[in-house]
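Asker: Provided herewith is a single structure, encoded as structure tokens, for subsequent inquiry.
The values are calculated or read from the model by the stated rules, or taken from the named source; none is laboratory data. Everything numeric here is computed off the predicted structure, so don't read it as measured data. Virtual Cβ from ideal backbone geometry, glycine too; neighbours counted across all protein chains shown.
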Amino acid sequence: DRFRSRIMFPIMDPAGRVVAFSGRIFGEASKDDKNAKYLNSPETPLFDKSRILFGYNKAKQFIRKYDFSILVEGQMDLVMSHQSGYANTVASSGTSLTTDHLMLLDRLSKKLVMAYDADPAGVASSGRGASLALTRGMDVKVARVPIGKDPADCILEDANVWKDAVRNSKHVVDFYLDITLREAQEKKWNQRQLVLYARDTVLPYIQQVRSATDKAQFVHNYANVLGISEDAVWDELRQLDRATPASEA
């Protein structure tokens, strides 16, 4: 049985019609790393996972009300987030965030808080999704979930930790700058090593910021933290612009 040992969640389209199912592993089966955490129904003409966000049909009124959306990875993350008071939460159901997903959110609010699992895969997924959202002119923040936890784990242990993570979420530029600085400190890099690394880990996000005012502020902060001139940062950004295909810029 495809969904044996799984908690089943109905996946609905924006109008609230069931179009598929998703199963979350639990019990003894969850201890086997070979079993995927989430398993979805096969795609059909009605179910295209790149176009549907889990919980969107219920969250959309609250996204409008609170003027921001929270994006988590799994269904349990969403259920727990709703129970903790954040009914403006949707889930990507373990799928990569797409332009179609962002169109659904963008039409309700330009503000997005991403809260994926606090592991390397989750951080990488946040980065890819944030890049897409920035190119749409969205205001993208990242909530820092405790290392080794997903939002559901975090809420089960202490819902206030989750609420603090959402309230204290940082703009994606500041989030990845913090990660870069922390890594540089742990590895005892010199300034040149830090600047070269930050060019790859932080600067692309600044490049994708659409607001000229916001971009100037991020450039100022980036230059100040790294101890380099703002002119040098703008030069790097121009080089990135020239190297980035028009379709991605």
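Asker: Looking at (1) touching a helix residue (DSSP H, G or I) at 6+ places or on another chain (Cβ under 7 Å); (2) farther than 23 Å from Thr99 by Cβ; (3) in a loop (DSSP other than H, G, I, E, B), which is the only condition Phe9 fails?
Answerer: Of everything listed in (1) touching a helix residue (DSSP H, G or I) at 6+ places or on another chain (Cβ under 7 Å); (2) farther than 23 Å from Thr99 by Cβ; (3) in a loop (DSSP other than H, G, I, E, B), Phe9 misses just condition (3).
Asker: Taking helices (runs of 4 or more DSSP H) that do not extend beyond region 51-124, which have at least 3 residues that are more than 21 Å from Asp150 (Cα to Cα)? Working first, answer last.
Answerer: On the way: elements: 56-66, 75-83, 99-106.
It comes to 56-66, 99-106.
Asker: How many of the residues in region 137-188 are in a loop (DSSP other than H, G, I, E, B) and in contact (Cβ under 8 Å) with a residue 60 or more places away in the chain?
Answerer: 3
Asker: Mind checking which pairs have a first residue in region 101-119 that is closer than 19 Å to Tyr176 by Cβ and a second that is surrounded by 19 or more Cβ atoms within 10 Å (Cβ to Cβ) and among the acidic types (Asp, Glu), Cβ under 7 Å, 6 or more apart or different chains?
Answerer: So the pair list comes out as Tyr116/Glu73; Asp117/Glu73; Asp117/Asp150.
Asker: In this structure, does Val209 turn out to be assigned by TED's automatic domain parsing to the domain that holds Val140 and of a type in the set (Val, Ile, Thr)?
Answerer: Numbers: assigned by TED's automatic domain parsing to the domain that holds Val140: no; of a type in the set (Val, Ile, Thr): yes.
It is false that Val209 is assigned by TED's automatic domain parsing to the domain that holds Val140 and of a type in the set (Val, Ile, Thr).
Asker: Just to be sure, is Arg128 out of contact with any Pro (no Cβ under 9 Å at 6 or more places or on another chain) and part of a helix (DSSP H, G or I)?
Answerer: Details: out of contact with any Pro (no Cβ under 9 Å at 6 or more places or on another chain): yes; part of a helix (DSSP H, G or I): yes.
Considered against the rule, which asks whether it is out of contact with any Pro (no Cβ under 9 Å at 6 or more places or on another chain) and part of a helix (DSSP H, G or I), Arg128 comes out as yes.
Asker: Regarding region 113-125, can at least one residue be identified that is out of contact with any helix residue (DSSP H, G or I) (no Cβ under 7 Å at 6 or more places or on another chain), surrounded by 22 or more Cβ atoms within 10 Å (Cβ to Cβ) and not aliphatic (A, V, I, L, M)?
Answerer: Within region 113-125, one or more residues are out of contact with any helix residue (DSSP H, G or I) (no Cβ under 7 Å at 6 or more places or on another chain), surrounded by 22 or more Cβ atoms within 10 Å (Cβ to Cβ) and not aliphatic (A, V, I, L, M).
Asker: Among the residues of region 114-137, is any touching a strand residue (DSSP E or B) at 6+ places or on another chain (Cβ under 7 Å), of a type in the set (D, E, K, R) and within 13 Å of Leu71 (Cα to Cα)?
Answerer: Checked against the condition, which is being touching a strand residue (DSSP E or B) at 6+ places or on another chain (Cβ under 7 Å), of a type in the set (D, E, K, R) and within 13 Å of Leu71 (Cα to Cα), region 114-137 yields no hits at all.
Asker: Return the total of residues in region 95-112 being surrounded by fewer than 16 Cβ atoms within 10 Å (Cβ to Cβ), over 12 Å from the mean Cα position of the chain (by Cα) and polar (S, T, N, Q).
Answerer: Residues in region 95-112 being surrounded by fewer than 16 Cβ atoms within 10 Å (Cβ to Cβ), over 12 Å from the mean Cα position of the chain (by Cα) and polar (S, T, N, Q): 1 in total.
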